[in-house]
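So the structure is just underneath, and the comments pick up after that.
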Amino acid sequence: VNQARPNLAIEIYDKVLRLADVLNDSTQIKTIKESSYINIGKIYIDQQDWRRSVNYTKKALDYAIDDIGRGITHLNLCNAYMQLKAYDTALFHGQMADTLFTPVNNPFYEYTVDVNLAEIYNKLGNYELELQLVDNVEKISTQYDELQGLFFATNARGRTLSILGRLTEGIKNLKRAEGYARQIENKTFLRATLQNLAEAYSKKGQYKLAFEYHEEFYELDSSLLIAEKTKALDEMLTRYESEKKDRELSEQRLTLVEQEAALDQKTSQNRVMLLIVLVVTLLSLLAYHLFRSR
């Protein structure tokens, strides 16, 4: 429901939040509210509505019952603030998540935090710290044969080394990243690497290769933009149809309620009329009986 009908999912979570208030168990209330606010925030992340995501995810912090929940909340806030280009705030939440996850000693949490922090350090121009985190991401990804992590590490390292003028090393990493992107068959990953390779070869003065990579990047970028616009249109139409169905159901429910109310009113009127007829009949019989008695 979160992805297929996000608006309906948010309505359900809102109902869950209201129902949680009638419970007697404070721990259960916190668990339900924490989960609901995190999920609503995640829906808005998926919709790229970063400000609403921040507003709801922050509420989850008030109900977090353990460090894992707090860490996940800070990590989601890190992601949202990074998209809002509020890098200092994103860094704060990323570091908070890192502090909370460290005692857990979970490679998945460590990997996810390092990916986010590496991107923030890149935006802030702190390439030394970025490269340290990238090395750790590659180490964890190699251990668990995680191709997406290997792509991220080699692409990020190649991009940063190229920025630092270490073009031969940078291109070597970017070519590895290109291989991972093609192996995963992820066009978005491939687009990023093709652009980085075009820029790196251009800086190195190898303009023929730079042109070839730029041409492939341009073609892929154009096709992805068309696909993204088509997807956005499909999602808009799906939301429209979903809202239309919801309105029709509401109108049908309203019509049924109105029909039931009209039926109840008619039944009440019939009962009153029947009562009046009975009273008049009884009075007539009583009058007739008195007349006969006289």
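The values are calculated or read from the model by the stated rules, or taken from the named source; none is laboratory data. Bear in mind that the values here come from a model prediction, so they are computed numbers and not experimental data. Here Cβ is always computed from backbone atoms with ideal geometry, including for glycine, and neighbour counts include all displayed protein chains. Accessible surface areas use protein heavy atoms only, side chains included; no ligands, DNA or RNA. Shrake-Rupley method; radii C 1.70, N 1.55, O 1.52, S 1.80 Å.
Which ones in the range 24-38 are without any contact (Cβ under 8 Å) to a residue 24 or more places away in the chain and open to solvent by 60 Å² or more (accessible area, probe 1.4 Å)?
24, 25, 26, 28
How about the range 191-206: which of its residues are within 32 Å of the chain's Cα centre (by Cα) and either β-branched (Val, Ile, Thr) or open to solvent by 70 Å² or more (accessible area, probe 1.4 Å) (or both)?
Our first condition is that a residue be within 32 Å of the chain's Cα centre (by Cα); within the range 191-206, this holds for 191-197.
Selection gives 193, 195.
Could you figure out which of (1) modelled with pLDDT under 95; (2) surrounded by 17 or more Cβ atoms within 10 Å (Cβ to Cβ) isn't true of residue 145?
(2)
When the range 50-71 is examined, which residues are found to be farther than 20 Å from residue 101 by Cβ and crowded, with 16+ Cβ neighbours inside 10 Å?
50, 52, 53, 54, 56, 59
Applying the selection to the range 156-190, what residues are in contact with a Phe, Trp or Tyr (Cβ under 6 Å, 6 or more places away or on another chain) and within 19 Å of residue 223 (Cα to Cα)?
Within the range 156-190, 181, 189 meet the criteria.
Which of the residues that make up the range 72-99 are part of a loop (DSSP other than H, G, I, E, B) and open to solvent by 70 Å² or more (accessible area, probe 1.4 Å)? Please lay out each step first, then the result.
Step one: filter the range 72-99 for residues part of a loop (DSSP other than H, G, I, E, B), giving 84-86.
Hit for the range 72-99 is 85, nothing else.
Restricting to the range 98-134, count the residues that are in contact with a Lys or Arg (Cβ under 6 Å, 6 or more places away or on another chain) and closer than 17 Å to residue 147 by Cα. Talk me through it step by step, then tell me what you get.
Of the residues in the range 98-134, the ones in contact with a Lys or Arg (Cβ under 6 Å, 6 or more places away or on another chain) are 100, 134.
Retained after the next criterion (residues that are closer than 17 Å to residue 147 by Cα): 134.
Adding up the residues that qualify gives 1.
Scan the range 69-88 residue by residue and report those that are aliphatic (A, V, I, L, M) and within 15 Å of residue 37 (Cα to Cα).
Residues of the range 69-88 aliphatic (A, V, I, L, M): 72, 75, 77, 80, 82, 84, 86.
Matches in the range 69-88: 72, 75, 77, 80.
Going through 110, 130, 146, 119 one at a time, which residue ends up being farther than 25 Å from residue 68 by Cβ and not small (Gly, Ala, Ser)? Reasoning before the result, please.
On the way: 110 fails: farther than 25 Å from residue 68 by Cβ; 146 fails: farther than 25 Å from residue 68 by Cβ; 119 fails: farther than 25 Å from residue 68 by Cβ.
The conditions single out 130.
Can you find a residue in the range 100-111 that is free of Cβ contacts under 8 Å to residues at least 60 places away in the same chain, open to solvent by 80 Å² or more (accessible area, probe 1.4 Å) and on the phi > 0 side of the Ramachandran plot?
Just the residues of the range 100-111 that are free of Cβ contacts under 8 Å to residues at least 60 places away in the same chain, to begin with: 100-111.
So of that shortlist, the ones also open to solvent by 80 Å² or more (accessible area, probe 1.4 Å) come out as 102-103, 105, 108.
Okay, now just the ones that are also on the phi > 0 side of the Ramachandran plot, so 105.
Looking for residues that are free of Cβ contacts under 8 Å to residues at least 60 places away in the same chain, open to solvent by 80 Å² or more (accessible area, probe 1.4 Å) and on the phi > 0 side of the Ramachandran plot, one finds at least one in the range 100-111, hence yes.
For the range 168-190, how many residues are under 15 Å from residue 154 (Cβ atoms) and open to solvent by less than 80 Å² (accessible area, probe 1.4 Å)? Don't jump to the end; show me each part of the working.
Within the range 168-190, the subset under 15 Å from residue 154 (Cβ atoms) is 168-184, 186, 189-190.
Imposing the further condition that a residue be open to solvent by less than 80 Å² (accessible area, probe 1.4 Å) reduces the set to 170-171, 173-174, 177-181, 184, 186, 189-190.
Here the count works out to 13.
Please go through (1) surrounded by fewer than 16 Cβ atoms within 10 Å (Cβ to Cβ); (2) small (Gly, Ala, Ser); (3) under 12 Å from the mean Cα position of the chain (by Cα) for residue 41 and return the number of the only condition it doesn't satisfy.
(1)
State whether the residues of the range 116-134 include one that is under 24 Å from residue 185 (Cα atoms) and without any contact (Cβ under 8 Å) to a residue 12 or more places away in the chain.
Restricting attention to the range 116-134, the residues satisfying the condition of being under 24 Å from residue 185 (Cα atoms) are 116, 118-119, 134.
If we keep only those that are without any contact (Cβ under 8 Å) to a residue 12 or more places away in the chain too, we end up with none.
Taking every residue of the range 116-134 in turn, none turns out to be under 24 Å from residue 185 (Cα atoms) and without any contact (Cβ under 8 Å) to a residue 12 or more places away in the chain.
Would you check if residue 23 is touching a helix residue (DSSP H, G or I) at 6+ places or on another chain (Cβ under 8 Å) and farther than 16 Å from residue 97 by Cα? Before the answer, list the steps.
On the way: touching a helix residue (DSSP H, G or I) at 6+ places or on another chain (Cβ under 8 Å): yes; farther than 16 Å from residue 97 by Cα: yes.
It is true that residue 23 is touching a helix residue (DSSP H, G or I) at 6+ places or on another chain (Cβ under 8 Å) and farther than 16 Å from residue 97 by Cα.
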